[in-house]
Structure formats: C-alpha cells, structure tokens
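Reading through the structure tokens given below for one structure.
The values are calculated or read from the model by the stated rules, or taken from the named source; none is laboratory data. Predicted model only: the values in this text are computed from it and were never measured. Please note: Cβ atoms are built from the backbone with ideal geometry, for glycine as well, and neighbour counts cover all protein chains shown. For accessibility, only protein heavy atoms count, side chains too; no ligands or nucleic acids. Shrake-Rupley method; radii C 1.70, N 1.55, O 1.52, S 1.80 Å.
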Amino acid sequence: MSNLVFLFADTQLLGWTACPPPEDTVASNCFLSPPLYYDNLCKYLAEQYPAQFIRWLLTTEAADIRVLKTELGNEPIRADALTFLQTSNQLLHLEFQTRPDADMPLRMLDYWVRLYRQYRCSIEQVVIFLKPTTSELVFVEEFRVEQTWHGYRVIRLWEQDPAPLLADPALLPFAVLAQTNSPEALLEQVAAQVAMIEAPAERKSISTCTQVLAGLRFEKELIRTVFREELMQESVIYQDILQKGLQQGMQKGELKIILSLLARQLGSLPPDLQAQIQQLSLARLEALGEALLDFSTLEDLSSWLRAQS
C-alpha cells in the first residue's frame, strides 16, 4: 500500500511587515515579519527532513519519500511541504503556529476534507504551537457545530519532553522550545548537540534554524553568546527563508493592487471572486494585472478565472 505523509505549514493568514531592527532580532537585515519568518523556517525543516518528522510524530520509519506538489483543490490551499511515503496508506498533515488562531478548527476540517477527497486514506493531523501562551485556543482539538465533528492532535512544544528532540539533529531547533526547569541549560545543551553535527553545511543550517526559533524564548544576546556569534546571513538556509518571505510579501502587495484596480474598473467584487483571486500565484496575479484592462463586466473576470483552473 502507499503511505502519503503530508507535512504542511500554512502561511496564508500571516501578515507582512518590516522586520524589527537588528538590535531586536537574532537575524538582522531581514524584511519579513517574525511570524512569517518562523513559519518559513519550520517549512524548510519539514521539507528537508520529512523522515525525522514522520519518526517523531508517527513513530514509524520512512522507507521511500518524495516531496509532492503542494496545492489542494480547484481553489487551492497552498501547503508549505507535502511529502509522499511508501508504507501504510496514511497522511500526516502538520500546521506550525506561533500564535493562537480562532479559525484553526474550521481550517483543519477544511484541510481534512480536501485531503480526503484527493487521497481517500487515513489522515493524521497535528497542530504544533511553538510559543507559550495562556490562550484557551491552544487547547482546542476539535471542530464541533451541530452534527458535524472533526478532531485533530495538538502539540504545545513548551509541554514536550526535550529528549526525543535532542536525539535527532533535524529536530534540535524545536528542542530549545521544549519543557525544562532550566531554559538556559537546555539552550546550551542544544548548542552542544549542534556543534557535534559532522557535516559543515548541515551544522550551519541547523544552527541557524535553532537560533531563529530560540528567539521565541530567549534574549538575542544570550543566543549569540551561546552560539558564538555565528553570522547567520552567510547561511544558505537563511537566504532561502528570506527569499521565500520576500516572494510572499511581493504577492501580498500585488494582490492589494489588483483588487483595488478591479474594484475601480468593475465595482464591488463578490466575495467568491475575491476568494479566487486571493488564491492566485504571483505569476497569475501579474497576468491578471494585464488582462483586467480589457474587462468590462464581472463575467469577463469570472471567465478569466475559470480559464486559469
């Protein structure tokens, strides 16, 4: 049987703002908001180390893995990482969150329906909250309205035993956020584990990821001291995360302009058309920006959108 493992970290609802100045963040000279920054980093880890996430969350070994295309449905939800595993006909769907989200239960149901419609197999969904909070929203593990019920797993990293995370280099960045009575000692232990990674490129990338996630819990100066002031900007993964964040910011800016031009050209847009436009890639938004000059009715816009699906 085929086993599908879906590693997913949604960025759709995150904002786009200027990054805090260098003195307020471990990684200076960036242009993406902290939530987006952490989200892209988790996406990178899920894409680069799918077997480790499968071992951690499904307690099974991955034999044959490949990264899949990350769009679901005619109006796609854009996944950060989608991984295919040959074993026992199961999907693993991950969501990384830095903050509570009241819409999370409905979103998880929406994702489940789309995934099941496409793959028709068992689906294990896990929401991983990274940053401690007293919000009751991080304890919600189900969607329930009238006769409809849908459940999923929730992991609050600050409650997790760090041992399994310390045992795998790919999961070390998450270990700094795990449960501990001595956070600084845990940070030093993680740094020591990172220093033991033999491959220089992997060691540098894991170090960068660890320092970034550590920023959710520790002061910048402590992180730099423990990690010997490593220059993160030289890391390939730092540049990759930054580039993806920049692209998402460009897409958000392009979307705002397109919606404004369409409203001026055609009047108020129905919510369903707005929703379709919001799902377009940056390239298709640019194409719409050229095409809209020839639109005279909402039907012209609808026809153009149908042609893109």
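A few remarks follow.
- For region 111-121, the set of residues classified as buried (at least 16 other Cβ atoms within 10 Å of the Cβ) and aromatic (Phe, Trp, Tyr) consists of TYR111, TRP112, TYR119, listed by residue number.
- Scanning region 129-169 for residues that are in a strand (DSSP E or B) and under 19 Å from LEU94 (Cα atoms) gives PHE129, GLU142, PHE143, HIS150, GLY151, ARG153, VAL154, ILE155, ARG156.
- Test: residue in region 99-118 that is touching a residue at least 60 places away in the same chain (Cβ under 8 Å) and under 30 Å from LEU222 (Cβ atoms): yes
- Helices (runs of 4 or more DSSP H) wholly inside region 254-309 containing at least 3 residues that are in contact with a helix residue (DSSP H, G or I) (Cβ under 6 Å, 6 or more places away or on another chain): 282-291, 298-308
- GLU124 passes every criterion in (1) within 30 Å of VAL190 (Cα to Cα); (2) part of a strand (DSSP E or B); (3) modelled with pLDDT of 90 or more; (4) open to solvent by 30 Å² or more (accessible area, probe 1.4 Å) apart from (3).
- For region 89-110, a residue qualifies if it is open to solvent by 10 Å² or more (accessible area, probe 1.4 Å), outside any helix (DSSP H, G or I) and of a type in the set (D, E, K, R), and the qualifying residues are ARG99, ASP101, ASP103.
- Output for region 269-309, where each listed residue is open to solvent by 40 Å² or more (accessible area, probe 1.4 Å) and in contact (Cβ under 8 Å) with a residue 40 or more places away in the chain: GLN276, SER309
- Members of region 159-182 found to be surrounded by fewer than 17 Cβ atoms within 10 Å (Cβ to Cβ) and in contact (Cβ under 8 Å) with a residue 24 or more places away in the chain, listed by number: PRO164
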